[in-house]
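Peer 1: Sharing a structure with you now.
The values are calculated or read from the model by the stated rules, or taken from the named source; none is laboratory data. In this text the structure is predicted, and so the values were computed from the model without any measurement. Cβ coordinates were reconstructed from backbone atoms using ideal geometry, including for glycine residues, and neighbour counts include every protein chain displayed.
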């Protein structure tokens with residue numbers, strides 16, 4: 001038995017796009033224990049509900065994270081709509097689903113690029129990010145923003161899609177799908193990728209459920225749970241939805257689940273665009289949430305289930321707004337997955353969880 | 001459709017046994033968060049099973065109360081329990097991964113328990129408004145009840161009048177006359193009430209205008225200018241809408257006029273009046289002329305018949 005050493009990992013590390021620190025207790029080359037530490041970018045955004053009214057806070061919620069921006073604004077708006085009993089027009093719900101699934105495509109292709117970079121496949125990283133640019137272009141054309149969109153408001157959305165934009169989106173997504181299908185062959189079939197990911201960072205289905213993991217991290221262990229399957233809000237309009245799962249629970253399974261989720265998101269966008277109903281895109285919301293009223297909501301963000309809670313106090317300022325983001329729920333699972341792995345695999349395991357520290361710390 | 005959710009309140013000593021029970025029943029842990037209230041911190045624990053969110057609230061936890069951790073059952077709660085300790089000052093005990101109050105390492109102790117002056121002002125204002133609304137409603141109810149007692153509803157049309165019920169009145173005709181007189185008096189009183197109500201409304205409008213002027217006077221100059229511009233724009237919109245309505249009336253009057261030449265006597269009377277009033281006066285005078293003509297025609301016919 002070798003001597004135990006503590007190796008600090010992060011907050012600055014080549015594979016980490018955001019700061020998280022891990023204390024890795026190592027014996028020889030094996031990790032015995034991993035203790036995560038956060039707190040480098042805590043901004044206290046939940047506190048801002050006291051100084052921003054419920055309409056203004058949409059823009060704060062959107063700035064929680066640069067990748068899940070749309071999802072946060074949508075999740076927040078839906079929660080406040082629940083709180084105030086606002087019925088959102090169907091067209092607005094469809095538009096929200098379309099943009100949210102585009103966010104998923106953009107997030108997953110960004111992550112695929114980061115994963116390729118982590119296992120040293122530079123050209124794959126560049127191709128993934130080149131494709132992601134196409135989605136950002138569609139965002140820019142339809143919302144006016146590439147990262148922060150500001151199209152969601154309490155009561156609906158602020159922008160509509162005209163026929164010309166819809167045709168443009170369809171043509172871009174058709175091209176994207178053709179190129180993406182070729183790209184993921186490298187991720188799923190290349191032997192160098194498999195050597196680096198198959199059998200690495202395995203976590204069983206029972207452990208994944210026990211540790212309360214969410215998102216692709218959970219589904220890659222075989223648990224078929226996805227908030228979208230509950231059919232809330234716009235997702236209730238989908239004809240069929242089945243979560244994508246894998247029963248291996250390793251890094252490769254997590255890559256495969258995300259690769260396929262992009263195609264699933266494109267299918268959802270196609271379906272929504274094909275049956276986009278005519279009508280209003282927003283309703284006027286008057287008044288303030290009642291004193292003591294409470295509401296909660298779930299949204300499937302690209303990284304997994306996100307829980308929202310809002311409490312009103314009779315004024316236009318909310319008493320409390322809470323976002324429990326997917327990464328904060330996955331930290332326990334990450335610590336458990338790192339136990340027993342090689343030191344050289346730590347970066348791959350951490351990355352395949354796709355941690356978003358901006359969301360975690362808010 | 002929204003995600004179905006349940007809300008329950010539990011006692012602090014029920015928390016850990018509940019976590020053990022739910023773990024055994026296969027519930028999934030979703031999250032923990034804290035809410036600051038006047039009476040203490042409310043801790044929320046959320047679990048999920050079969051697509052339903054179950055929210056449990058431990059109400060009014062004070063800083064001197066020790067809260068047992070649920071991380072022995074649900075490890076993923078460690079982030080939120082550390083958060084509740086650092087940001088809300090809750091005394092969490094036995095957290096599996098305990099950062100000892102240095103996870104976020106905030107400079108202030110329990111910063112989320114601090115209520116900003118802006119929020120406090122808004123909450124106080126909302127409370128006062130709610131109280132005033134309630135008092136006004138109660139006062140109106142009391143006044144209405146008093147008015148109803150003093151002014152009973154008149155006999156309904158078509159109702160059978162019972163002579164015996166009319167006391168000393170012995171005939172149906174007398175009772176009916178009395179009843180009609182009573183109804184006329186009550187109607188007159190009700191009209192008077194409506195008139196005074198209208199006056200009260202006018203007073204309220206004047207008061208509101210005065211209050212608005214006072215409020216504008218207290219504003220910074222650029223904001224006051226914006227508010228005045230908005231008010232002017234609103235007044236202009238209303239004036240435009242009135243002018244359009246008047247123009248439509250005039251057009252309708254003009255259409256009638258094109259069918260029938262205007263009586264010179266009527267034209268003389270309405271020439272100095274505003275268009276909308278002129279249209280009404282003209283219609284009334286024409287109706288009167290028509291009535292007079294009809295009466296005259298009838299008298300002539302009767303005279304002719306008598307002569308025959």
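Peer 1: Tally up the residues in region A:144-176 that are closer than 22 Å to residue A:64 by Cα and either surrounded by 20 or more Cβ atoms within 10 Å (Cβ to Cβ) or without any contact (Cβ under 8 Å) to a residue 24 or more places away in the chain (or both), please.
Peer 2: Selection size over region A:144-176: 10.
Peer 1: Being more than 23 Å from residue A:359 (Cα to Cα) and either touching a residue at least 40 places away in the same chain (Cβ under 8 Å) or at the interface with chain A (Cβ under 9 Å from one of its Cβ atoms) (or both) is the requirement here; does residue B:73 meet it?
Peer 2: yes
Peer 1: I've got another one for you. Pick out the one residue from A:208, A:253 that is within 14 Å of chain B (Cβ to nearest Cβ), part of a helix (DSSP H, G or I), surrounded by 23 or more Cβ atoms within 10 Å (Cβ to Cβ) and on the phi < 0 side of the Ramachandran plot.
Peer 2: Of A:208, A:253, the one residue that is within 14 Å of chain B (Cβ to nearest Cβ), part of a helix (DSSP H, G or I), surrounded by 23 or more Cβ atoms within 10 Å (Cβ to Cβ) and on the phi < 0 side of the Ramachandran plot is A:208.
Peer 1: Among the residues of region A:341-354, is any buried (at least 24 other Cβ atoms within 10 Å of the Cβ), in a helix (DSSP H, G or I), at pLDDT 85 or above and within 14 Å of chain B (Cβ to nearest Cβ)?
Peer 2: no
Peer 1: What number of residues within region A:7-22 are in contact with a strand residue (DSSP E or B) (Cβ under 7 Å, 6 or more places away or on another chain) and either surrounded by 15 or more Cβ atoms within 10 Å (Cβ to Cβ) or over 17 Å from residue A:341 (Cα atoms) (or both)? Explain how you work it out, then say what you get.
Peer 2: Taking region A:7-22 and keeping what is in contact with a strand residue (DSSP E or B) (Cβ under 7 Å, 6 or more places away or on another chain), we get A:7-11, A:20-22.
From what is left, the residues that are either surrounded by 15 or more Cβ atoms within 10 Å (Cβ to Cβ) or over 17 Å from residue A:341 (Cα atoms) (or both) are A:9-11, A:20-22.
Counting residues in region A:7-22 that are in contact with a strand residue (DSSP E or B) (Cβ under 7 Å, 6 or more places away or on another chain) and either surrounded by 15 or more Cβ atoms within 10 Å (Cβ to Cβ) or over 17 Å from residue A:341 (Cα atoms) (or both) gives 6.
Peer 1: Same structure again: How many residues, within region A:213-232, are under 14 Å from the mean Cα position of the chain (by Cα) and either under 17 Å from residue A:333 (Cβ atoms) or more than 14 Å from chain B (Cβ to nearest Cβ) (or both)? I'd like the intermediate steps shown before the answer.
Peer 2: First pass over region A:213-232, keeping only residues under 14 Å from the mean Cα position of the chain (by Cα): A:213-219, A:226-228.
When the remaining residues are screened for being either under 17 Å from residue A:333 (Cβ atoms) or more than 14 Å from chain B (Cβ to nearest Cβ) (or both), the result is A:213-219, A:226.
Adding up the residues that qualify gives 8.
Peer 1: Does residue A:235 meet the test of being within 14 Å of chain B (Cβ to nearest Cβ) and either surrounded by 20 or more Cβ atoms within 10 Å (Cβ to Cβ) or assigned to a loop (DSSP other than H, G, I, E, B) (or both)? Don't jump to the end; show me each part of the working.
Peer 2: Working: within 14 Å of chain B (Cβ to nearest Cβ): yes; either surrounded by 20 or more Cβ atoms within 10 Å (Cβ to Cβ) or assigned to a loop (DSSP other than H, G, I, E, B) (or both): yes.
Taking the combined requirement at face value, the residue satisfies it.
Peer 1: Next question, about the same structure. Can you report the number of residues in region A:35-63 which are closer than 21 Å to residue A:304 by Cα, touching a strand residue (DSSP E or B) at 6+ places or on another chain (Cβ under 7 Å) and at pLDDT below 85?
Peer 2: 3
Peer 1: Any chance region B:105-120 includes a residue that's under 20 Å from residue B:92 (Cβ atoms) and more than 12 Å from chain A (Cβ to nearest Cβ)?
Peer 2: Yes, there is a match, as at least one residue in region B:105-120 is under 20 Å from residue B:92 (Cβ atoms) and more than 12 Å from chain A (Cβ to nearest Cβ).
Peer 1: Looking at (1) surrounded by 14 or more Cβ atoms within 10 Å (Cβ to Cβ); (2) touching a helix residue (DSSP H, G or I) at 6+ places or on another chain (Cβ under 8 Å), can you tell me which one residue B:18 breaks?
Peer 2: With (1) surrounded by 14 or more Cβ atoms within 10 Å (Cβ to Cβ); (2) touching a helix residue (DSSP H, G or I) at 6+ places or on another chain (Cβ under 8 Å) applied to residue B:18, the lone miss is (2).
Peer 1: Just to be sure before I move on: is residue B:147 loosely packed, with under 15 Cβ neighbours inside 10 Å and either more than 32 Å from the chain's Cα centre (by Cα) or in contact (Cβ under 8 Å) with a residue 12 or more places away in the chain (or both) in the structure I sent? Full working, then the answer.
Peer 2: Working: loosely packed, with under 15 Cβ neighbours inside 10 Å: yes; either more than 32 Å from the chain's Cα centre (by Cα) or in contact (Cβ under 8 Å) with a residue 12 or more places away in the chain (or both): yes.
Here the answer is yes, as residue B:147 does meet what is asked.
Peer 1: So, one more: Does residue B:65 satisfy the criteria of being over 24 Å from residue A:310 (Cβ atoms) and under 43 Å from the mean Cα position of the chain (by Cα)? Steps first, please.
Peer 2: Values: over 24 Å from residue A:310 (Cβ atoms): yes; under 43 Å from the mean Cα position of the chain (by Cα): yes.
Yes, satisfied.
Peer 1: Of all residues in region A:19-47, which are within 10 Å of chain B (Cβ to nearest Cβ) and either part of a helix (DSSP H, G or I) or more than 23 Å from the chain's Cα centre (by Cα) (or both)?
Peer 2: Within region A:19-47, A:35, A:46, A:47 qualify.
Peer 1: Looking at (1) modelled with pLDDT of 90 or more; (2) within 14 Å of another protein chain (Cβ to nearest Cβ); (3) within 23 Å of the chain's Cα centre (by Cα), which is the only condition residue A:105 fails?
Peer 2: (2)
Peer 1: Taking the options B:109, B:133, name whichever one is modelled with pLDDT of 55 or more and exposed (fewer than 11 other Cβ atoms within 10 Å of the Cβ).
Peer 2: B:133
Peer 1: If a residue has to be in contact with a strand residue (DSSP E or B) (Cβ under 6 Å, 6 or more places away or on another chain) and either within 8 Å of chain A (Cβ to nearest Cβ) or closer than 14 Å to residue B:71 by Cβ (or both) to count, how many in region B:91-104 make the cut? Walk me through it before giving the result.
Peer 2: Here is the first cut: in region B:91-104, the ones in contact with a strand residue (DSSP E or B) (Cβ under 6 Å, 6 or more places away or on another chain) are B:91-93.
If we keep only those that are either within 8 Å of chain A (Cβ to nearest Cβ) or closer than 14 Å to residue B:71 by Cβ (or both) as well, we get B:92-93.
Of the residues in that region, 2 qualify.
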